[in-house]
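Below is one structure, written out as structure tokens; the observations come after it.
The values are calculated or read from the model by the stated rules, or taken from the named source; none is laboratory data. Please read all numbers here as calculations on a predicted model, not as lab measurements. Reconstructed Cβ throughout: ideal geometry from the backbone, glycine too, with neighbour counts over all protein chains shown. Side chains are part of the model used for accessible areas, which takes the heavy atoms of the whole protein and leaves out ligands, DNA and RNA. Shrake-Rupley method; radii C 1.70, N 1.55, O 1.52, S 1.80 Å.
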Amino acid sequence: QVQLAESGGGWVEAGGSLRLSCAASASGKIFSIRVWGWYRQAPGKQRELVATMNRRAVTEYGNFVKGRFTISRDDAQNAVTLQMKNLKPEDTAIYFCMTDRLADEDGVRDYWGQGIQVTVAA
């Protein structure tokens, strides 16, 4: 059983910064994670892509990011971070980390974290 645990969310004023982290843990060994990603969902809106990074460090960002966020991964720790700067009130949402094709002793599956709240005050 794999679990993703997010941390680092909270409240910040507009223009501020936050750093989200997510770590994968399993009862057995995790062999590889093809893609790490962050998505977000604001009240009344659909879940949207924030950022992804594959094993070759190729990244993809949502159009709204515009250079403000940086995703990075630590394969030795099975973890991903999202550094967010110049935050805006419209960045307020629940942020979810996810893995695409995580391979562990039980097989290959996709996983989602439970989500963490980010609130940006005007």
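Given (1) in contact with an Asp or Glu (Cβ under 7 Å, 6 or more places away or on another chain); (2) more than 24 Å from Gln1 (Cβ to Cβ), identify the lone condition not met by Val58.
Only one criterion in (1) in contact with an Asp or Glu (Cβ under 7 Å, 6 or more places away or on another chain); (2) more than 24 Å from Gln1 (Cβ to Cβ) is unmet by Val58, namely (1).
Checking Gln117 against (1) in a strand (DSSP E or B); (2) modelled with pLDDT of 95 or more; (3) open to solvent by less than 80 Å² (accessible area, probe 1.4 Å), which single condition isn't satisfied?
(3)
When the residues of segment 44-56 are narrowed to those that are buried (at least 16 other Cβ atoms within 10 Å of the Cβ) and out of contact with any Gly (no Cβ under 7 Å at 6 or more places or on another chain), which ends up farthest from Thr119 (Cα to Cα)?
Residue satisfying both the conditions and the ranking: Asn54.
Are there any pairs, at least 6 apart or on different chains, whose C-beta atoms fall under 6 Å, with the first in segment 1-22 and open to solvent by less than 30 Å² (accessible area, probe 1.4 Å) and the second of a type in the set (Phe, Trp, Tyr), and if so, which?
Pairs that qualify, where the first residue is open to solvent by less than 30 Å² (accessible area, probe 1.4 Å) and the partner is of a type in the set (Phe, Trp, Tyr), are Val2/Tyr111; Leu4/Tyr111; Leu20/Tyr95.
Between a residue in segment 69-88 that is within 17 Å of Arg40 (Cα to Cα) and any residue that is hydrophobic (A, V, I, L, M, F, W, C) and outside any strand (DSSP E or B), which pairs come within a Cβ distance under 8 Å, given they are 6 or more apart or on different chains?
Once the first residue is within 17 Å of Arg40 (Cα to Cα) and sits in segment 69-88, its partners that are hydrophobic (A, V, I, L, M, F, W, C) and outside any strand (DSSP E or B) give Leu87/Ala14; Lys88/Ala14.
Out of the residues in segment 10-43 that are modelled with pLDDT of 95 or more and in a loop (DSSP other than H, G, I, E, B), which is nearest to Trp112 (Cα to Cα)?
Ala42
Sort out which residues of segment 65-76 are touching a strand residue (DSSP E or B) at 6+ places or on another chain (Cβ under 8 Å), open to solvent by 40 Å² or more (accessible area, probe 1.4 Å) and farther than 18 Å from Ala24 by Cα, and write them in order of number.
Filtering segment 65-76 down to residues touching a strand residue (DSSP E or B) at 6+ places or on another chain (Cβ under 8 Å) leaves 65, 68-75.
Subset that is open to solvent by 40 Å² or more (accessible area, probe 1.4 Å): 70, 72-75.
If the condition is that a residue be touching a strand residue (DSSP E or B) at 6+ places or on another chain (Cβ under 8 Å), open to solvent by 40 Å² or more (accessible area, probe 1.4 Å) and farther than 18 Å from Ala24 by Cα, then Thr70 is the only one that fits.
In the list Thr99, Thr59, which residue meets the criterion of being open to solvent by less than 20 Å² (accessible area, probe 1.4 Å), of a type in the set (S, T, N, Q) and modelled with pLDDT of 95 or more? Walk me through how you get there before you give the answer.
Details: Thr59 fails: open to solvent by less than 20 Å² (accessible area, probe 1.4 Å).
Just a single option satisfies the conditions, and that option is Thr99.
Among the hydroxyl-bearing types (Ser, Thr, Tyr), within 26 Å of Gly15 (Cα to Cα) and touching a residue at least 60 places away in the same chain (Cβ under 8 Å): which single residue out of Thr119, Thr99, Thr92 fits that description?
Thr119
Looking at this structure, is Arg40 open to solvent by 60 Å² or more (accessible area, probe 1.4 Å) and closer than 13 Å to Tyr95 by Cβ? Steps first, please.
Working: open to solvent by 60 Å² or more (accessible area, probe 1.4 Å): no; closer than 13 Å to Tyr95 by Cβ: yes.
In short, no.
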